[in-house]
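Below is one structure, written out as structure tokens, with a few remarks after it.
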Amino acid sequence: MVNLPIAYSNKKVTPFGGMSLMKRFVDKTGIREYLGQLDIPQPGSNRGYPGEQIIEAFWLSIWTGASRYIHCDWLRYDKVLQSIFGWEQMPSQSTYSRFFGKFSQKRNTEVFPKLQHWFYDQISIDNITVDFDSTVITRYGNQEGSAKGYNPNKRGRNSHHPLMAFVGQTRMVANAWLRPGDTADSSSCKAFMQETFDEVLRDKKVGLVRADSGFYTEELMSYLEAEHYKYIMAVKMYPNIKSTVWGLKEWVDLSKGIQLSEMIFSHEKGKPRRYIVVRKQVDIRPNATGKELFEDMPGYRFSCYVTNLELPLDQIWNIYNSRADCENRIKELKADFGLENFCLQDFWATEASFRFIMVAYNLMSLFRHFALNHHNRATLKTLRFH
């Protein structure tokens, strides 16, 4: 057997020395200086933490593995990491709770669109694709806004039902709102889109909008057309749409087990629009997405999309399919950035932390892109390992 010597040292060490790279990157972005220009809550005494430091410390906690407020206390004992970031000490769990508790609906509406606009103003990219989606965040308490609604994974549990917008080319979040769990899919969607386009991305050209079926309403389609946005949107299979799909006779074979067709349909007395229908044969493609719509046509799953693009059927379907990457972004936010677990009793406090998590995600995405060339698609867990 080999005797391994064990020794103790007074030298301070940290497992997160690589965060010195992130510190230099954050300094280069100038985001801390910009936070000082926003309506961020500040301490009432000279012993309190500046709001910018609390936000930075919150981001650092997430980047190093925290997924709950109590986890943020871990870094208070890491003096080397605090030295890297130039802090004498770090906030406690209660400090975060009090800080986010000072955010209101008005403050959230003023701070975060400006912050996200500033963020995208630093990125030289245009003619972007914006993906709109929603998700469900299960809650295990009676926090404000948590309610029983659509929850496919934990039926009957309270939840929040946020809206999210992603920029496809950058793999980053453009905007995010928290909503109560019993909110209807299409509720607040138009206002959310307007804030995303008119404030966050107001200096960018939006070349394409993609959205899931929760955004499928006549109001939203008319709004996008009035603003001259090109879009592809998943369709909810209402009975009148199903009956029209049933009558389709001409199908084009795209590949083995997948056929495409199109139809002209008017939704809720709206104008006629172009609909793309995809039919997938289950025995050939057992993992195919979609719904089995007809008892008289077993073994087929159907998906449907509405668009104002004039491209061929296969191109439209392929363009929409690349939107699936935003589902991976949501999964990473939940798994690596604690999106489901940073929750406070007050709704607007929870939304503030929720939206600051999005900024932490965007900063890490930029860091991946500029500083880690061959790891620019790695998850946060992988980056921590490297």
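Measure nothing but the geometry: give the 0 to 90° angle between the long axis through the Cα atoms of 105-121 and the longest principal axis through the Cα atoms of the chain, rounded to 10°.
Its long axis makes an angle of about 90 degrees.
If you average the sequence gap of Cα pairs under 8 Å that are 6 or more apart and divide by the length of the chain, what percent do you get for the contact order?
16 percent
Name the residue farthest towards the positive end of the dipole of segment 231-307 from the options 231, 259, 300, assuming +1 on Cβ of Lys and Arg, -1 on Cβ of Asp and Glu, about the Cα centre.
231
Taking Cα centroids, how far is segment 244-300 from segment 196-225 in Å?
The distance from the Cα centre of segment 244-300 to that of segment 196-225 comes to 25 Å.
Note the angle between two axes, namely the Cα long axis of helix 51-63 and the longest principal axis of the Cα atoms of the chain, as a number of degrees from 0 to 90, rounded to the nearest 10.
Taking Cα atoms only, the helix is inclined about 70 degrees.
So for segment 85-158, Kirkwood radius off the Cα pairs, Stokes-Einstein at 37 °C and 0.692 mPa s: how many µm² s⁻¹?
Working: Rh = 16.7 Å.
Value of D from the Cα-based Kirkwood radius: 196 µm²/s.
Pull out the extension gain between residue 223 and residue 296, defined as 0.36 nm times the separation in residues minus the alpha carbon to alpha carbon distance; nm, one decimal. The partial results should precede the final answer.
Values: separation 73, 0.36 × 73 = 26.28 nm, distance 3.72 nm.
Answer, rounded to one decimal: 22.6 nm.
Residues of segment 325-354 with the amide nitrogen closer than 15 Å to a label point 7 Å from the Cα of residue 381, along Cα-to-Cβ, please.
Label zone hits: 328-340.
Want the number for residue 80 to residue 4: 0.36 nm per residue separation, take away the alpha-carbon distance, what's left? Present the calculation step by step, with values, prior to reporting the outcome.
Values: separation 76, 0.36 × 76 = 27.36 nm, distance 2.65 nm.
Computed gain between residue 80 and residue 4 is 24.7 nm.
Place a +1 charge on the Cβ of each Lys and Arg in the chain and a -1 charge on the Cβ of each Asp and Glu, then give the dipole magnitude about the Cα centre in debye, rounded to the nearest 20. Show your work: numbers first, answer last.
Values: 50 positive and 42 negative charges, 211 e Å.
Charge dipole, the chain, about its Cα centre: 1020 debye, nearest 20.
Counting other Cβ atoms within 10 Å, which trypsin sites (Lys or Arg not before Pro) in segment 118-157 have at most 16 and lie in a DSSP loop?
Values: sites: 139, 148, 154, 155, 157; in loops: 139, 154, 155, 157.
Of the trypsin sites (Lys or Arg not before Pro), the ones in loops of segment 118-157 whose Cβ has at most 16 other Cβ atoms within 10 Å are 154, 155, 157.
Loop only by DSSP, 15 or fewer other Cβ within 10 Å of the Cβ. Give me the chymotrypsin sites (Phe, Trp or Tyr not before Pro) in segment 83-143 that pass, ordered by residue number. Mind dumping the intermediate values first?
Values: sites: 85, 87, 96, 99, 100, 103, 118, 119, 120, 132, 140; in loops: 85, 87, 103, 140.
Sites meeting the loop and neighbour criteria: 140.
When the chain is fully extended, how far beyond the present Cα-Cα distance does residue 242 get from residue 21, taking 0.36 nm per residue of separation? Intermediate results must be reported in sequence, preceding the final value.
On the way: separation 221, 0.36 × 221 = 79.56 nm, distance 5.45 nm.
Fully extending the segment from residue 242 to residue 21 adds 74.1 nm.
Restrict the search to segment 208-298; then list the GluC sites (Glu not before Pro) that DSSP places in a loop and that have at most 16 other Cβ atoms within 10 Å of their Cβ.
227, 250, 268, 292, 295
Rounded, prolate or oblate: which fits the chain when a ≥ b ≥ c are the square roots of the eigenvalues of the alpha-carbon gyration tensor, with rounded for a/c under 1.5 and prolate only if a/b beats b/c? Don't skip to the end; give the middle numbers.
On the way: a/c = 2.09, a/b = 1.80, b/c = 1.16.
Cα axes put the chain in the prolate bin.
FYI, it's all coordinate maths here, none of it is from the lab. These numbers were taken from a predicted model, which means no experiment stands behind them. Neighbour counts are summed over all protein chains in view; Cβ atoms, including those assigned to glycine, are modelled from backbone coordinates with ideal geometry.
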